[in-house]
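Computed from the coordinates by the stated procedures, all read-outs in this text should not be read as laboratory data. The structure displayed is predicted, hence computed values, not measured ones. FYI the Cβ positions are ideal-geometry reconstructions off the backbone, even for glycines, and counts take in every protein chain you see.
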Amino acid sequence: MARRALITGITGQDGSYLAEHLLAQGYEVWGLVRGQANPRVSNVRELLRDVRLVRGDLLDQGSLISAVEKVHPDEVYNLGAISFVPMSWEQAELTAEVTGMGVLRMLEAIRVCSGISSSRTADRSGQIRFYQASSSEMFGQVRETPQNERTPFHPRSPYGVAKAYGHFLTQNYRESYGMFAVSGILFNHESPRRGAEFVTRKVSLGVARIRLGLAGELRLGNLEARRDWGYAGDYVRAMHLMLQADAPEDYVIGTGRTHSVRELVEAAFTAAGLNWEDYVVADQSLHRPAEVDLLCADPKKARANLGWDPGVSFEELVAMMVEADTRLLAAGPDPAQATSWP
Ligand code: NAP
Ligand code: G4F
């Protein structure tokens, strides 16, 4: 019988790539969708035809218990979150509820549906395996570079704090109940399906608009921040590998290379044959109340234990996104309405 996976955050970037990856591995894939008329659900129906949908919300404990009871998953991937860092200052309480407490509700749904009592069980056979989408934002003001699984956390946003809660809770359920519950500490990963609010996609859409004569400038915030950017399609493979391991352990996933936003911008404009300095406008209002200046992964443990390596380089990723957005906007949709789905 096919293994069953339940994915929260199926309408997001990672949910789509993970669903495709698991379907290709022969899984029966279920996606949790929320809301009465969520417009992104029709995208999933159209683009991920083989994914089955179940209603539920990370804010609603009962709905998660019902979803787990209905699907009977072998694996649960908790990707649902408020994931845009600036929004977490504007809606800090909601971020805590969805991105932080949502992890507790999902773990409780699994615990209750699996009949796990308060006593620790050593036998993990037949258990539902749980993946939590932790984030390099937890490292925040970094204590060392590169960052590995033992680097202390110092989150710099309500989002980073909520992720740290979910991370420690996942570890706690593993230690308290013997659950197969793990976190992937993923560094920034991008693709043509990335939300338009994140900097890589904002840049690739901006370059495409300028290239096609649809815009004359691109306004950006802090150009000096550095990130370890990889390709989302590579990172979902790591999520799956973590749940196939013999023992439940947390892993850092990233490329081990870091680039500034300025370098990203330069690479994207160069890919389109343009000079970035002619178009980019620095906008102080786009700076954050507290910035994460530098992120760079040390993915040695994932390479050694999981055999995971990123396939797509930074330069290939940037060129891929610029080309995809140029095609998308040239094909006709109103650029202002361009969504994160190609
Ligand atoms: P994304 O595109 O922003 O997707 C977020 C997903 O969360 C959406 O499907 C959204 O669904 C769902 N969601 C929001 N509120 C919800 C709620 N109350 N109940 C259930 N689902 C809810 O994020 P992503 O880039 O795919 O990232 C996936 C996960 O990895 C997130 O947890 C993110 O924080 C984490 N992460 C991402 C990165 C990265 O670089 N991409 C790095 C580290 C960690 P709706 O359509 O219903 O809004
Ligand atoms: O693309 P970003 O918005 O991503 P950020 O804040 O690093 O968060 C992403 O990665 C995390 C993993 O480290 C995830 F957990 C999280 O869910 C999300 O996926 O911003 C990247 C950098 C920041 O330093 C920001 O200040 O780009 C800088 N930046 C400069 N100008 C900008 C802009 N960011 C955005 N979004 N828009 C700008 O105009």
Express in nm, to one decimal, how much length is gained between Arg150 and Leu53 on full extension, taking 0.36 nm for each residue of separation and deducting their alpha carbon distance.
31.2 nm
Dipole-positive endmost among Phe139, Pro39, Val280 within the chain (Cβ charges, Cα centre)
Pro39
Round to the nearest 0.05 the FRET efficiency obtained for Glu224 and Met1 when R0 = 51 Å and r is the Cβ-Cβ distance.
0.45
So which trypsin sites (Lys or Arg not before Pro) in the range 88-120 are both in a DSSP loop and have at most 14 other Cβ atoms within 10 Å of their Cβ?
Arg120
Run the numbers for Glu46 and Leu214: contour at 0.36 nm per residue of separation, minus the present Cα-Cα distance, in nm.
57.7 nm
To the nearest 0.05, what FRET efficiency results for Arg124 and Ala92 with a Förster distance of 35 Å applied to their C-beta separation?
0.45
Most positive-pole-ward Cα, Asn305, Gly213, Tyr159, against dipole of the chain from beta carbon charges
Asn305
Helix 13-24 vs. the chain, principal-axis angle (Cα, 0 to 90°, nearest 10):
60 degrees
Could you calculate the FRET efficiency of Asn172 with Ser260 from 1/(1 + (r/R0)^6), where r is the beta carbon distance between them and R0 is 30 Å, rounded to 0.05?
0.25
With everything on Cα atoms, drop me the angle between helix 61-71 and the longest principal axis of the chain, reported from 0 to 90° to the nearest 10.
80 degrees
Relative contact order of the chain (C-alpha contacts under 8 Å, at least 6 apart) in percent is 17 percent
Restricting to DSSP loop positions (anything but H, G, I, E, B) with no more than 13 other Cβ atoms inside 10 Å of their own Cβ, which trypsin sites (Lys or Arg not before Pro) remain in the range 139-195?
Arg143, Arg150
Net charge near Ala19 (other residues with Cβ under 14 Å of its Cβ; Lys, Arg +1; Asp, Glu -1) is +2
Label-reachable residues, the range 130-164, where backbone N falls under 17 Å from a point 7 Å from Ala290's Cα toward its Cβ
135-144, 152-164
